């Protein structure tokens, strides 16, 4: 039974029935048309009848619907998560406004203040905490 | 897998915090995830826990979801399956035994009663190798296409078919023998 292009061999038909069972809708879509043609033969029907015996047993195994309140619990979980996320965004937004204000203030100070601090480096060198270079340069000290 | 993802718009809305979209997504996916986990674990309570944990992953990742890769349904199946395997591993550590690679046709799972058949199939599924069970659950019960199931399992379609064939053979051995005894 391999005549014609697209025809299905008996071996392939049996292999598919052995894997997917007797219902052709479970079979690979690309092979369903050829399988349907083979299923119309006596050999094809016999193979499907055999596969159907196991399908009939598998169909007996049903799973009850989920507990009635499970969907409510899951939805509550989701909405709580979203509320937390929105709150966090709001907090971050407010913090962002604060940081932006601080940066704007610093920029303004940089623009307006240079004239009032002519000896910036000298100010650092004359603090009570000694030389600023040795305060920050730790690489030599560690060795 | 060039078809549009049917969940894409919904996931985008969930990512934007749309509560109605969350409700729709829960309604659409919760029964599927519970069924998947129940069949993988053979335990309904654990299955609901897995589904709940899977939704936490959804809420966490929805805003970062980008179409173009795996379908959302495939991705969430992978997430739920990973959670199932975590639990199966914990069970193995607890019991000190390895997960079975092949069917163990030791006892009759059917018990000879029609009303026990559902539980019999459940027990039979638990007795085959987890990867075989996963392949059968995805293609047969979750009705995923072979391409989607292979993507969820991160294997080739050929490997999927091999697992399916071996899994069904194992189940047949367990279940048919039980049926013959009735």
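The values are calculated or read from the model by the stated rules, or taken from the named source; none is laboratory data. Source: prediction; values computed, not measured. Backbone-built Cβ (ideal geometry, glycine too); neighbour counts: all protein chains shown.
So that you can scan it fast, the table gives a plain yes or no per residue for (1) in a helix (DSSP H, G or I); (2) within 12 Å of chain A (Cβ to nearest Cβ); (3) modelled with pLDDT of 95 or more:
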residue: B:89; (1), (2), (3): yes, no, no
residue: B:109; (1), (2), (3): no, yes, no
residue: B:118; (1), (2), (3): yes, yes, no
residue: B:135; (1), (2), (3): yes, yes, yes
residue: B:149; (1), (2), (3): yes, yes, yes
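Among the residues of segment B:53-76, those that are surrounded by fewer than 23 Cβ atoms within 10 Å (Cβ to Cβ) and out of contact with any helix residue (DSSP H, G or I) (no Cβ under 6 Å at 6 or more places or on another chain) comprise B:56, B:60, B:61, B:64, B:66, B:68, B:69, B:71, B:73, B:75. Restricting segment B:137-147 to residues that are within 10 Å of chain A (Cβ to nearest Cβ) and in a loop (DSSP other than H, G, I, E, B) leaves a set whose member that is farthest from residue B:80 (Cα to Cα) is B:145. Check A:101, A:44 and return the single one that is modelled with pLDDT of 90 or more, part of a helix (DSSP H, G or I), away from every other protein chain (no Cβ under 14 Å) and surrounded by 10 or more Cβ atoms within 10 Å (Cβ to Cβ). The conditions single out A:44. Only one entry of A:95, A:34 meets the criterion of being more than 13 Å from every other protein chain (Cβ to nearest Cβ), out of contact with any helix residue (DSSP H, G or I) (no Cβ under 8 Å at 6 or more places or on another chain) and either surrounded by 14 or more Cβ atoms within 10 Å (Cβ to Cβ) or closer than 22 Å to residue B:137 by Cβ (or both), and that entry is A:34. None of A:25, A:73, A:81 is at the interface with another protein chain (Cβ under 10 Å from one of its Cβ atoms) and closer than 30 Å to residue B:163 by Cα except A:25. Would you be able to say whether some residue in segment B:6-29 is closer than 16 Å to residue B:81 by Cβ and in a helix (DSSP H, G or I)? Yes, that holds for at least one residue. With the checklist (1) away from every other protein chain (no Cβ under 14 Å); (2) surrounded by fewer than 10 Cβ atoms within 10 Å (Cβ to Cβ); (3) at pLDDT 80 or above in hand, flag the one item residue A:122 doesn't pass. Every listed condition holds for residue A:122 apart from (3). When residues of segment B:122-132 are filtered for being surrounded by fewer than 24 Cβ atoms within 10 Å (Cβ to Cβ) and either at the interface with chain A (Cβ under 8 Å from one of its Cβ atoms) or part of a helix (DSSP H, G or I) (or both), how many remain? Of the residues in segment B:122-132, 6 are surrounded by fewer than 24 Cβ atoms within 10 Å (Cβ to Cβ) and either at the interface with chain A (Cβ under 8 Å from one of its Cβ atoms) or part of a helix (DSSP H, G or I) (or both). If you go through segment B:156-174 and keep only what is closer than 16 Å to residue B:145 by Cα and at the interface with another protein chain (Cβ under 10 Å from one of its Cβ atoms), you end up with B:157, B:160, B:161, B:162, B:163, B:164, B:165. Within segment B:34-46, the set of residues being facing another protein chain (nearest Cβ under 10 Å) and under 10 Å from the mean Cα position of the chain (by Cα) comprises B:34, B:35, B:36, B:37, B:38, B:39. From A:65, A:109, A:78, which residue is modelled with pLDDT under 95, under 30 Å from residue B:135 (Cα atoms) and outside the structural domain of residue A:14 (by TED's automatic domain parsing)? When all the criteria are applied, what remains is A:65. Suppose the filter is surrounded by 18 or more Cβ atoms within 10 Å (Cβ to Cβ) and more than 14 Å from every other protein chain (Cβ to nearest Cβ); does residue B:9 pass it? When the stated conditions are applied, residue B:9 does not pass them.
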